[in-house]
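Please treat every number below as a calculation from the coordinates, not as lab data. A quick note: this is a predicted structure, and the numbers were derived from the prediction, not measured. Using ideal geometry, Cβ is built from the backbone for each residue, glycine included, and neighbour counts are taken over all protein chains shown.
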Amino acid sequence: MSFLIGRLSSGADTAKAGLNEVKLKMIQSYINQYYLRYNEYPNDLNDLMQCNSVTGPNCLPIVSNESELLDVWNNRVIYQRNADGRGYSLKSLGSDKKEGGTGAATDLVITGP
């Protein structure tokens, strides 16, 4: 019985890892929308939820809820804009919430544009 539960748990984590890639691609689309509106990438993910000096005080935020910026394990996705401002990376630490890992615990990194 414990073998079956372990296999089901492993299968669920594998499925979540696949969904996590979809979630990061959705966040990537929010970042790309920001770029299309303001001709630069956000300084951090909070810029997607609030007005700032780039967007002006009367902006319409791209994201209305912080949960849209979390990975499938409910952790904040790590965003880093390149030093030259021409690209960025998004990173989820996986199911173990630590650097590195294998399987569902593998870190997922997406770069843009």
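Please report the base-10 log of the normalised intensity I(q)/I(0) for the range 2-112, using a Debye sum with one equal scatterer per alpha carbon and no solvent, at each q in 0.21, 0.23 (1/Å). Summing over Cα pairs of the range 2-112 leads to -1.08, -1.23.
Per-residue Karplus couplings for the range 51-68, computed as 6.51 cos²θ - 1.76 cosθ + 1.60 with θ equal to phi - 60°, are listed in order as 6, 8, 5, 7, 7, x, x, 10, 6, 9, x, 6, 10, 9, 9, 4, 4, 6 Hz, Gly and Pro entered as x. Distant-in-sequence amide contacts of residue 95, defined by a placed amide H-H separation under 5 Å and a gap of 5 or more residues or a different chain, comprise 105, 106.
Under a 5 Å amide H cut-off, with hydrogens placed 1.01 Å from N, residue 88 pairs with 82, 112 among residues at least 5 apart or on other chains. Counting only GluC sites (Glu not before Pro) that DSSP places in a loop and that have at most 15 other Cβ atoms within 10 Å, the longest clean stretch of the chain runs over 41-98.
So what is the 222 nm mean residue ellipticity for the chain from helices alone, if each DSSP H run of at least 4 adds -39500 (n - 2.57) and you divide by all residues, rounding to the nearest 500 deg cm²/dmol?
Roughly -12000 deg cm²/dmol at 222 nm, from the helical runs in the chain.
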